[in-house]
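*Asks:* Starting off with a structure, shown below.
The values are calculated or read from the model by the stated rules, or taken from the named source; none is laboratory data. As the structure is a computational prediction, the values presented were derived from the model and not from experiment. Cβ sites come from the backbone with ideal geometry, for glycine too, and all protein chains shown count toward neighbours.
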Amino acid sequence: MSSALKNVFKTLIFFGIGFAVLYWVFHNQQIAFEEQCMLEGTDLDNCSLWDKMVNDLSSANFGWIAIVVLCFMISNLSRALRWNMLMKPLGVNAKLHNSFGSIMIAYFANLTIPRSGEIIRSVMISRYEDVEVEKAMGTIVTDRIIDVLSLLIVIGLAFFLSFGKMSTYFKENMDLDNTLGRIISFPVLGPLGAVGLAVLYLIYRNWDRLLATKLGQKIYKIASGFADGIKSIKDVENVPMFIFHSVMIWTMYYVMTYICFLAFAPTAHLGLVAGLTVFVFGSLGIVFPSPGGMGSYHYLVGEALGFYDISGADAFSFAMIVFISINLFCNIFFGLIFVIALPMINKAK
């Protein structure tokens with residue numbers, strides 16, 4: 001099978017996962033919506049979740065949606081500037097349009113195969129700037145490590161501000177003690193651990209011999225470049241500005257969620273803490289390996305909005321407003337623009 005067919009196959013698999021989760025969420029919300037209609041005495045023929053969602057999307061305040069798009073682009077600008085700061089210690093003065101464009105193309109790629117954008121992002125910047133792919137990938141790993149730490153801080157803040165709602169939810173939906181016990185008692189875990197330790201021991205004992213081979217030298221070069229990219233964070237020149245961009249990225253993400261509240265009448269009354277809670281749940285949904293968090297984002301956003309007595313049907317419409325605004329408009333539209341524009345801008349290379 002050719003690499004192109006493999007990529008198409010992978011894309012279909014991930015889209016299949018996303019559509020399956022999205023359909024499951026939609027189906028459950030349709031049932032709940034029909035039950036609500038029966039309680040209100042509404043004819044079931046006039047009780048279509050699809051029709052309600054289309055109507056909600058068309059009636060959303062597009063002025064607020066435009067501000068959401070602007071916030072998203074500001075966050076990407078800060079991400080590009082922060083990435084440039086990580087590449088500078090490697091001797092790379094990357095042009096902003098190349099780093100920004102590579103990020104937008106990466107988001108577009110993630111809508112096909114989740115996380116493939118990170119690889120494409122490193123390849124794109126390597127093509128247009130004087131940086132090795134391995135080193136570029138190392139800086140991207142550092143970028144994502146900072147994102148994980150930022151997300152953990154945001155989760156902690158949301159948990160602190162809405163402790164009662166979130167603790168109740170996790171107690172009802174996640175039995176951590178039983179989950180951890182099942183993982184530890186998993187029968188294959190012990191043998192896999194033993195094999196892993198044996199492989200590491202053999203590599204350690206035969207390290208010099210392995211490095212003498214062409215394959216060993218190639219792997220060492222890749223690993224070395226990768227490590228250089230990761231270590232670039234310790235040589236960042238302007239640490240306060242680096243922290244500023246890190247805060248700006250996640251502040252804009254949060255503001256986007258809150259402003260989307262204002263764009264949709266059933267959520268317009270929700271406050272700042274509700275915005276933080278929904279933002280955290282939505283972020284966890286995007287981590288799921290489906291294109292743009294398809295389905296998983298809708299489910300977890302619906303769960304969070306349920307804390308604030310927003311009906312499942314309204315929550316699904318809200319999730320679709322955010323999903324379409326960011327993924328279908330920003331990531332696809334701007335991603336395609338830079339797919340076309342970057343080769344033209346960098347025609348010499």
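*Asks:* Please specify each residue of segment 265-274 satisfying the condition of being touching a helix residue (DSSP H, G or I) at 6+ places or on another chain (Cβ under 7 Å) and farther than 24 Å from Asn55 by Cβ.
*Replies:* If the condition is that a residue be touching a helix residue (DSSP H, G or I) at 6+ places or on another chain (Cβ under 7 Å) and farther than 24 Å from Asn55 by Cβ, then Leu272, Val273 are the ones that fit.
*Asks:* While we're on this one: Among the numbered criteria (1) more than 29 Å from Val123 (Cβ to Cβ); (2) out of contact with any His (no Cβ under 7 Å at 6 or more places or on another chain); (3) in a helix (DSSP H, G or I), which one does Ala319 miss?
*Replies:* Against the list (1) more than 29 Å from Val123 (Cβ to Cβ); (2) out of contact with any His (no Cβ under 7 Å at 6 or more places or on another chain); (3) in a helix (DSSP H, G or I), Ala319 comes up short only on (2).
*Asks:* Shifting gears a bit: Is at least one residue of segment 277-284 free of Cβ contacts under 8 Å to residues at least 60 places away in the same chain and within 30 Å of Lys88 (Cα to Cα)?
*Replies:* no
*Asks:* Test each condition in (1) of a type in the set (A, V, I, L, M, F, W, C); (2) at pLDDT 85 or above; (3) loosely packed, with under 15 Cβ neighbours inside 10 Å; (4) outside any helix (DSSP H, G or I) for Ala66 and report the one that comes out false.
*Replies:* (4)
This table checks each residue for (1) part of a helix (DSSP H, G or I); (2) at pLDDT 90 or above; (3) in contact with a Leu (Cβ under 7 Å, 6 or more places away or on another chain); (4) within 22 Å of Leu70 (Cβ to Cβ).
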| position | (1), (2), (3), (4) |
| --- | --- |
| Leu276 | yes, yes, yes, yes |
| Leu305 | yes, yes, no, no |
| Phe323 | yes, no, no, yes |
| Lys347 | no, no, no, no |
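*Asks:* Quickly run through segment 26-60 and pick out the residues that are assigned to a helix (DSSP H, G or I), surrounded by 13 or more Cβ atoms within 10 Å (Cβ to Cβ) and of a type in the set (S, T, N, Q).
*Replies:* Of everything in segment 26-60, those that are assigned to a helix (DSSP H, G or I), surrounded by 13 or more Cβ atoms within 10 Å (Cβ to Cβ) and of a type in the set (S, T, N, Q) turn out to be Asn28, Gln29, Gln30, Gln36.
*Asks:* Please go through segment 32-49 and give me each residue that is in contact (Cβ under 8 Å) with a residue 12 or more places away in the chain and either more than 25 Å from Phe261 (Cα to Cα) or not small (Gly, Ala, Ser) (or both), ordered by number.
*Replies:* Result: Phe33, Glu34, Gln36, Cys47, Leu49.
*Asks:* Among (1) under 21 Å from Gly285 (Cα atoms); (2) at pLDDT 90 or above; (3) in contact with a Lys or Arg (Cβ under 7 Å, 6 or more places away or on another chain), which single condition is Ile113 missing?
*Replies:* (2)
*Asks:* Only one of (1) modelled with pLDDT under 90; (2) in a helix (DSSP H, G or I) fails for Cys260. Which number is that?
*Replies:* The number of the failed condition is (1).
*Asks:* Here are some residues: Ile259, Ile324, Ile310. Which one is under 24 Å from Gln30 (Cβ atoms), in contact (Cβ under 8 Å) with a residue 60 or more places away in the chain and of a type outside the set (Ser, Thr, Tyr)?
*Replies:* Residue meeting the stated conditions: Ile324.
*Asks:* Are there helices (runs of 4 or more DSSP H) fully within segment 125-201 with at least 3 residues that are at pLDDT 85 or above, within 28 Å of Arg115 (Cβ to Cβ) and charged (D, E, K, R)? List them.
*Replies:* Result: 133-161.
*Asks:* Would you please name the residue that is farthest from Ser167 (Cα to Cα), looking only at residues in segment 278-293 that are part of a helix (DSSP H, G or I) and among the aromatic types (Phe, Trp, Tyr)?
*Replies:* Applying the filter and picking the extreme gives Phe279.
*Asks:* Then there's this: For Ala315, which of the numbered conditions (1) over 16 Å from the mean Cα position of the chain (by Cα); (2) surrounded by fewer than 16 Cβ atoms within 10 Å (Cβ to Cβ); (3) in contact (Cβ under 8 Å) with a residue 12 or more places away in the chain fails to hold?
*Replies:* (2)
*Asks:* Oh, and also: So, in segment 128-154, how many residues would count as being more than 15 Å from the chain's Cα centre (by Cα) and either buried (at least 16 other Cβ atoms within 10 Å of the Cβ) or under 19 Å from Arg82 (Cβ atoms) (or both)?
*Replies:* The qualifying residues number 13.
*Asks:* Only one of these is at pLDDT 90 or above and of a type in the set (S, T, N, Q): Ser232, Ser246, Ser224. Name it.
*Replies:* The unique qualifying residue is Ser246.
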